[in-house]
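The structure appears right after this line, and notes come after that.
The values are calculated or read from the model by the stated rules, or taken from the named source; none is laboratory data. A quick note: this is a predicted structure, and the numbers were derived from the prediction, not measured. Glycine gets a Cβ as well: all are built from the backbone with ideal geometry, and neighbour counts include every protein chain shown. Heavy atoms of the whole protein, side chains included, go into the accessibility calculation; ligands, DNA and RNA do not. Shrake-Rupley method; radii C 1.70, N 1.55, O 1.52, S 1.80 Å.
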Amino acid sequence: RGPGRRPGGAKGAFTMYYEIVPMDRSHIPQIAALERECFSDPWSENLLEDALFDPQASFIVAEDGEEGSILGYAGLHAVLDEGCIDNIAVAPDARRHGVASALLDVFCRFGAANLAFLTLEVRQSNAAAIALYEKHGFQRAGLRPGYYQHPREDAVIMTREFPKESTT
């Protein structure tokens with residue numbers, strides 16, 4: 001379980017409890033709904049289901065510890081020693097509670113143990129996400145002009161390298 005705390009003082013603050021679990025078929029309808037809520041070009045239920053059977057994919061879910069509802073999810077594809085984070089999405093009412101950070105931390109720990117680097121694209125205007133990625137050690141590596149279509153916007157390419165210990 002991972003606790004997420006709402007920023008602010010004791011007044012109105014509360015703790016959100018959730019568990020990070022592998023995505024399974026039962027999560028797909030809620031994840032697809034979250035995709036539609038968060039992204040202008042959402043993944044379909046079929047694409048999400050395909051990820052379940054893709055040996056290069058890993059999708060994880062932040063599940064509410066009490067209700068079982070999905071607070072957020074993240075997806076990663078790894079080929080050899082390279083990882084690409086496809087999506088990180090958090091339900092609007094669960095934002096600012098550490099859910100995205102907890103999901104990203106799982107992939108960063110996986111990357112440190114198994115990959116040379118992780119990369120991702122993020123909308124240039126998404127300052128909150130860029131700050132989160134920078135907090136987790138990602139650096140700006142370039143720009144993809146016109147990457148997003150609805151609305152049209154450039155993507156910032158961000159990468160985190162995982163240096164390996166020399167065995168010589």
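Looking across segment 107-128 at every residue that is open to solvent by 40 Å² or more (accessible area, probe 1.4 Å) and in a helix (DSSP H, G or I), the one that is nearest to L34 (Cα to Cα) is identified as A128. Residues in segment 86-101 that are among the charged types (D, E, K, R), at negative phi and part of a loop (DSSP other than H, G, I, E, B): R95 only. The residue that is most open to solvent (accessible area, probe 1.4 Å), counting only those in segment 149-159 that are more than 20 Å from L76 (Cβ to Cβ) and in a strand (DSSP E or B), is R152.
May I ask you to list the residues in segment 54-85 that are among the β-branched types (V, I, T) and either open to solvent by 40 Å² or more (accessible area, probe 1.4 Å) or in a helix (DSSP H, G or I) (or both)? Once the filter is applied, which keeps residues that are among the β-branched types (V, I, T) and either open to solvent by 40 Å² or more (accessible area, probe 1.4 Å) or in a helix (DSSP H, G or I) (or both), segment 54-85 yields only V79. Within segment 37-53, the only residue that satisfies the criterion of being exposed (fewer than 12 other Cβ atoms within 10 Å of the Cβ) and either basic (K, R) or farther than 24 Å from Y148 by Cα (or both) is F53. Of a type outside the set (K, R), outside any loop (DSSP other than H, G, I, E, B) and in contact (Cβ under 8 Å) with a residue 24 or more places away in the chain: does that describe A131? Criteria not met by A131.
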